[in-house]
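Each reported figure results from applying straightforward, stated rules to the coordinates on display, with no laboratory input. It should be emphasised that the depicted structure is a prediction, and the values quoted were computed from it without experimental measurement. Glycine gets a Cβ as well: all are built from the backbone with ideal geometry, and neighbour counts include every protein chain shown.
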Amino acid sequence: MSSAVVDKAAILADALPYIRRFYGKVVVVKYGGNVLSVAEGSKNGQGVDELSLFAQDIVLMRSVGMQPVVVHGGGPQIGELMARLGKVPEFKDGLRVTDAETLDIVRMVLVGKVNREIVAAVNVHAPLAVGLSGEDAMLLTATPRNPDLGFVGDVADVDAGILHRLLNEELIPVIATIGADADGQAYNINADSAAGAIAEALGAEKLVYLTNIEGLRGDVADPSTLISTTTADELEALLASGALTEGMIPKIESCIHAVRNGVGHAHILDGRVPHALLLEVFTHEGVGTMVSK
Ligand code: ADP
Ligand code: MG
């Protein structure tokens, strides 16, 4: 027998302890809008289709008894449609205002486009993905962050009932992070924060952020400063030091909160790396950043 065949068998056998450890466990995976735009680009061009590889990983996890839940972003995709519609963003004290028309666009892009793309990509491999908005069955109750900024919300409450029902049916929920208040008014919710809140509500074993960088860096400008393992306390100090900017801040804040509130581990991984999720979940290789309590 060729050694390549033996190597393949060894890889599968090595996965056994991980398959057993995570059997029945919930893993919340946030798929970033930036990594999706890389995937959208490559789909139109040459080479691998990253979204399809991601979808395959999710189906594989489900197929060996894990309970994956996908939460997605879509910032770049929202920006694209806004530009196409000629909608000029409005700012108040440097912060983007989400008026009713902008909220409409956000919802159309997240629920109508990005959510559908991920659901379709998963269902190519197995007919298991069910797309939902945080508005469905009141999954995400929102409260306005700052009334002056319009319809940008924070998560006030997660009602995980709908997720439990889908997971019990061995389906894969794919969630767009629009929330609603008690009156049915919709709000745009940051997907990183929503993923953290959902992971806590489900008592997830893992919360995984798939993004467009190899992990958390001690110094954002220096790739050699990748932090492989860290703790909530260390991250709190890093946040206070100002080493994190923009998109990394809500991820790290959510990681800290999640591991302190029952989530086993949080991870920041490079979603551009083929099968980053499989490497993290089923092998001993440490990829990206792992956060412990
Ligand atoms: P996503 O679509 O996945 O949410 P974001 O652009 O919002 O992506 O967040 C990831 C970005 O965060 C990285 O591309 C990087 O530019 C930025 N970032 C800021 N500080 C750090 C840091 N300390 N380490 C790594 N990335 C950082
Ligand atoms: Mg982001």
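Odds and ends about this structure:
- Estimated D of the stretch 83-130 in µm² per second, where Rh is the Kirkwood radius over Cα pairs and Stokes-Einstein applies at 25 °C, 0.890 mPa s: 192 µm²/s
- Computed over Cα pairs, the Kirkwood radius of the chain leads via Stokes-Einstein (1.306 mPa s, 10 °C) to a diffusion coefficient of 81 µm² per second.
- Stokes-Einstein translational diffusion, the stretch 15-161 - Kirkwood Rh over all Cα pairs, 0.890 mPa s, 25 °C, in µm²/s: 143 µm²/s
- Considering only beta bridges that DSSP places wholly inside the stretch 35-169, some 90 percent are antiparallel.
- Gain upon complete extension [Tyr23, Asn212; 0.36 nm per residue less C-alpha separation]: 65.2 nm
- Looking at the stretch 133-188 alone, DSSP beta bridges between its own residues are antiparallel in about 75 percent of cases.
- The stretch 111-176 - percent relative contact order, Cα under 8 Å, separation 6 or more: 36 percent
- Rounded to 5, the percent of DSSP beta bridges in the chain classed as antiparallel: 30 percent
- Distance-filtered residues of the stretch 155-184 - backbone nitrogen under 13 Å, label point 7 angstrom along Val64 Cα→Cβ: none
- Of the residues Val263, Val27, Val220, the one that moves most in a GNM of the chain with alpha-carbon contacts below 10 Å is Val220.
- Of the DSSP H helices in the chain, those whose Cα atoms cover at least 24 Å axially and whose Kyte score averages 0.5 or more: 3-22
- Listed residues Leu239, Val263, Ser292: farthest to the positive end of the dipole of the stretch 196-293 (Cβ charges): Val263
- Label zone at Val38, where the point sits 7 Å out along the Cα-to-Cβ direction: the stretch 189-226 residues whose backbone N lies under 18 Å: 192, 208-218, 220-226
- Within the stretch 157-287: Cβ-based charge dipole about Cα centre, in debye rounded to nearest 20 (Lys, Arg +1; Asp, Glu -1): 180 debye
- Taking 0.36 nm per residue of separation and subtracting the Cα-Cα distance, full extension of the segment from Thr245 to Val220 would add 8.2 nm.
- FRET efficiency estimate (nearest 0.05) - Cβ-Cβ, Arg260 to Gln185, R0 41 angstrom: 0.85
- Kirkwood hydrodynamic radius of the stretch 143-238, Cα pairs, Å: 16.0 Å
- Between Val97 and Glu234, the modelled labels are 4.4 nm apart [label points 7 Å from Cα along Cα→Cβ].
- Loop-located GluC sites (Glu not before Pro) in the stretch 195-292 (DSSP state not H, G, I, E or B) with no more than 14 neighbouring Cβ atoms inside 10 Å: Glu246, Glu285.
- Cα-based reach from Lys206 at 19 Å (exclusive), listing lysines while leaving out same-chain residues under 8 positions away: Lys25, Lys30, Lys251, Lys293
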